[in-house]
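**Student:** Structure incoming, see below.
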Amino acid sequence: MRFRFTQTAIDTTQARRELLDLGAGGYVSFEGWVRDHNEGQEVTRLEYEAFQELAVKEGERIVAEALRRFPVKHALCIHRVGALGLSDMAVWVGVSSAHRGEAFDACRFIIDEVKHRVPIWKKEHYRSGDSGWVNCERCAAAPHHTHAHA
Amino acid sequence: MQLKIQYYALMREQAGRSEESFETSAATPADLYDELTRRYGFTLTREQLKVAVNSEFSDWSRRLTAGDAVVFIPPVAGG
């Protein structure tokens, strides 16, 4: 599986090991972390949920596209679901390749596509006591926003 | 006909449930969403959503058949 979910902390040491290849000259990874602010609000914690059956299919398609599009050796994406605290890792992408350029490009491609296409939702909890589903509450208030639609 | 509907995120909260078997005469996901919006007061418009039938993205105009599993997909926010 080149795209998967985990309920617990992402094991980057193990994940990186899955990318090893004698023909690879390097590897690029991206970690997405829980940040303490968003859109002017102080964030205290997050919850992620996913429609996993479709999300895994779509995630696999994204990684397969990256492997077709860029001459890299291996690629893997792991997304966490459940309750996360500040600075926890929400997502990890890793790519190994013969040369660094295509590894950076493929890694960027995968995280960008995952954010736009995979059915994963994020609920932010704020210091004010409010909470909200990212991209949903504001969409409801201003239906002309289309930024979340791929 | 009976459909299986699963709800996620904002829509799960608005429907007050994560899934249900739903008896409907809705011919398409678009008709079904209109019917469910009258029932639950969903605030997202159909233009803001995607829809999946049997765990694959679908057109809103697909003909539904008995037993189909339908999921409405609010704007995503992974990463």
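**Student:** Only one of (1) touching a Cys at 6+ places or on another chain (Cβ under 9 Å); (2) modelled with pLDDT under 95 fails for A:G59. Which number is that?
**Tutor:** The one condition A:G59 does not meet is (2).
**Student:** Moving to a separate point now. Filtering region A:77-125 down to residues that are in contact with an Asp or Glu (Cβ under 6 Å, 6 or more places away or on another chain) and away from chain B (no Cβ under 14 Å), which residue is farthest from A:V56 (Cα to Cα)?
**Tutor:** So the residue we want is A:L86.
Let's see how each residue does on (1) part of a strand (DSSP E or B); (2) on the phi < 0 side of the Ramachandran plot; (3) among the charged types (D, E, K, R):
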| residue | (1), (2), (3) |
| --- | --- |
| B:R17 | no, yes, yes |
| B:F22 | yes, yes, no |
| B:S25 | no, yes, no |
| B:D31 | no, yes, yes |
| B:D34 | no, yes, yes |
| B:F42 | no, yes, no |
| B:A66 | no, yes, no |
| B:V76 | no, yes, no |
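**Student:** Ok, one more. Please go through region B:18-36 and give me each residue that is in contact with a helix residue (DSSP H, G or I) (Cβ under 9 Å, 6 or more places away or on another chain), away from every other protein chain (no Cβ under 14 Å) and farther than 18 Å from B:E56 by Cα, ordered by number.
**Tutor:** Across region B:18-36, the qualifying residues are B:F22, B:T24, B:S25, B:A26, B:D34, B:L36.
**Student:** Testing A:L46 on (1) within 20 Å of B:S55 (Cα to Cα); (2) assigned to a strand (DSSP E or B), one condition comes back false. Which one is that?
**Tutor:** Among (1) within 20 Å of B:S55 (Cα to Cα); (2) assigned to a strand (DSSP E or B), the lone unmet condition for A:L46 is (1).
**Student:** If you don't mind, another one. Of all residues in region A:56-82 being part of a loop (DSSP other than H, G, I, E, B) and not hydrophobic (A, V, I, L, M, F, W, C), which is farthest from A:R17 (Cα to Cα)?
**Tutor:** First pass over region A:56-82, keeping only residues part of a loop (DSSP other than H, G, I, E, B): A:70-73, A:81.
Okay, now just the ones that are also not hydrophobic (A, V, I, L, M, F, W, C), so A:71, A:73.
Working: A:P71: 19, A:K73: 13 Å.
Residue satisfying both the conditions and the ranking: A:P71.
**Student:** Identify, from the list B:L49, B:L64, B:L10, the residue that is at pLDDT 95 or above and more than 28 Å from A:N38 (Cα to Cα). Give the derivation first.
**Tutor:** Working: B:L49 fails: more than 28 Å from A:N38 (Cα to Cα); B:L10 fails: more than 28 Å from A:N38 (Cα to Cα).
Unique residue meeting the criteria: B:L64.
**Student:** If you check B:K4 against the conditions, is it touching a strand residue (DSSP E or B) at 6+ places or on another chain (Cβ under 9 Å), charged (D, E, K, R) and within 11 Å of chain A (Cβ to nearest Cβ)?
**Tutor:** Details: touching a strand residue (DSSP E or B) at 6+ places or on another chain (Cβ under 9 Å): yes; charged (D, E, K, R): yes; within 11 Å of chain A (Cβ to nearest Cβ): no.
Spelling it out, it is not the case that B:K4 is touching a strand residue (DSSP E or B) at 6+ places or on another chain (Cβ under 9 Å), charged (D, E, K, R) and within 11 Å of chain A (Cβ to nearest Cβ).
Here's the yes/no breakdown for (1) surrounded by 13 or more Cβ atoms within 10 Å (Cβ to Cβ); (2) within 19 Å of A:V118 (Cα to Cα):
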site: A:A15; (1), (2): yes, no
site: A:G23; (1), (2): no, no
site: A:V34; (1), (2): yes, yes
site: A:R45; (1), (2): yes, no
site: A:Y48; (1), (2): yes, yes
site: A:K57; (1), (2): yes, yes
site: A:I62; (1), (2): yes, yes
site: A:A66; (1), (2): yes, yes
site: A:P71; (1), (2): yes, no
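For every residue, the table says whether it meets (1) more than 28 Å from A:D112 (Cβ to Cβ); (2) surrounded by 14 or more Cβ atoms within 10 Å (Cβ to Cβ); (3) touching a residue at least 24 places away in the same chain (Cβ under 8 Å).
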site: B:G16; (1), (2), (3): yes, no, yes
site: B:F22; (1), (2), (3): yes, yes, no
site: B:P29; (1), (2), (3): no, yes, yes
site: B:N54; (1), (2), (3): no, yes, no
site: B:V71; (1), (2), (3): no, yes, yes
site: B:V76; (1), (2), (3): no, yes, no
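**Student:** Can you name the condition, by its number, that B:R39 falls short on among (1) over 18 Å from A:E53 (Cα atoms); (2) within 14 Å of chain A (Cβ to nearest Cβ)?
**Tutor:** Looking at each condition in turn, B:R39 falls short on (2).
**Student:** Same structure again: For A:E53, which of the numbered conditions (1) buried (at least 19 other Cβ atoms within 10 Å of the Cβ); (2) within 17 Å of the chain's Cα centre (by Cα); (3) not in a strand (DSSP E or B) fails to hold?
**Tutor:** Checking A:E53 against (1) buried (at least 19 other Cβ atoms within 10 Å of the Cβ); (2) within 17 Å of the chain's Cα centre (by Cα); (3) not in a strand (DSSP E or B), the one that fails is (1).
The values are calculated or read from the model by the stated rules, or taken from the named source; none is laboratory data. Since the structure is predicted, the reported quantities are computational estimates derived from the model, not experimental observations. Cβ sites come from the backbone with ideal geometry, for glycine too, and all protein chains shown count toward neighbours.
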